[in-house]
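Quick one: structure below, then a few questions.
The values are calculated or read from the model by the stated rules, or taken from the named source; none is laboratory data. Everything numeric here is computed off the predicted structure, so don't read it as measured data. With ideal geometry, Cβ positions are generated from the backbone for all residues, glycine too; neighbour counts draw on all protein chains shown. SASA here: full protein model, heavy atoms, side chains in, ligands and nucleic acids out. Shrake-Rupley method; radii C 1.70, N 1.55, O 1.52, S 1.80 Å.
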Amino acid sequence: MRRLYYLAEDLHTCIAVENALRESGLRDGSFHVVSRDEIGLYQHQISAATAYQRLDVVHAGERWALAGGGLGLLLGMVGLGLAPPGWAVDVTTVLLLCLVGGLFGAWRGALLGLSRDSYKIARFAGDLEAGRHLLMVDVDDRNRAQVRAMLSVRFPSVQFCGRDTTLIAPFGQAATG
């Protein structure tokens, strides 16, 4: 599944694009808009992006989970190697430290991710602050060319800004083209 990114100048264009995509057979849930005018999205009943799409919760949570799990593994291995007197450190303890570190890291990362835009849309921050609206269209490989052609012909004012996958990877970077 691929995500196509477009920038529109106004909400009326977003409504027209959404209607055109529905008419072309794109199912509901495949079109979302990120805008600083969330009240306008609600009032015009435009499919707003979910928190999962707008915020960096998953990406940051994954990264911090890996860091916390790695730290737990390191501490467990040090404990296993040093075996302090009076402590019974075994493989179960190491795995438990790894699990607890990973869970703590995921929790901490998710909290941090709530305070910033997703790494996939961060590059559009300037456009969003300027009042433009980011349209995200999720398409299959078989209908990607059709959707791009239809939008470029019917909506020349909507600027194509790139494509990316819909997956969120812990060390992923946003695609630019």
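Given the rule -39500 (n - 2.57) for each run of at least 4 DSSP H residues, summed and divided by the residues of the chain, what is its mean residue ellipticity at 222 nm, to the nearest 500 deg cm²/dmol?
Values: 7 runs with 88 residues, N = 177.
Mean residue ellipticity, 222 nm, calculated: -15500 deg cm²/dmol.
Accessible surface of H133 in the full protein assembly, 1.4 angstrom probe, to the nearest 10 Å²?
10
State, as an integer percentage, the relative contact order of the chain based on alpha-carbon contacts under 8 Å between residues 6 or more apart. It would help to have the intermediate numbers written out before the result.
Values: 287 pairs, mean separation 72.0, N = 177.
RCO, the chain: 41 percent.
Then there's this: If I take all pairs of Cα atoms in the chain, what percentage of them are more than 22 Å from each other? Before the final figure, lay out the partial values.
On the way: 8413 of 15576 pairs.
So the pairs more than 22 Å apart make up 54 percent of the total in the chain.
Could you give me the radius of gyration and the Dmax of segment 39-98, taking only the C-alpha atoms into account and expressing both in angstrom?
My reading of the Cα-based Rg and Dmax gives 21.2, 67 Å.
About its Cα centre, how strong a charge dipole does the chain have in debye, to the nearest 20, once Lys and Arg get +1 and Asp and Glu get -1 at the Cβ? Please report the intermediate quantities before stating the final value.
On the way: 17 positive and 17 negative charges, 62 e Å.
That gives the chain a dipole magnitude of about 300 debye.
Which of these, Q159, Q43, Q53, has the largest mean-square fluctuation under a Gaussian network model of the chain (Cα springs below 10 Å)?
Answer for the Gaussian network model of the chain: Q43.
How large is the accessible surface of Y119 in square angstrom, using a 1.4 angstrom probe and rounding to the nearest 10?
My reading of the accessible area for Y119 is about 40 Å².
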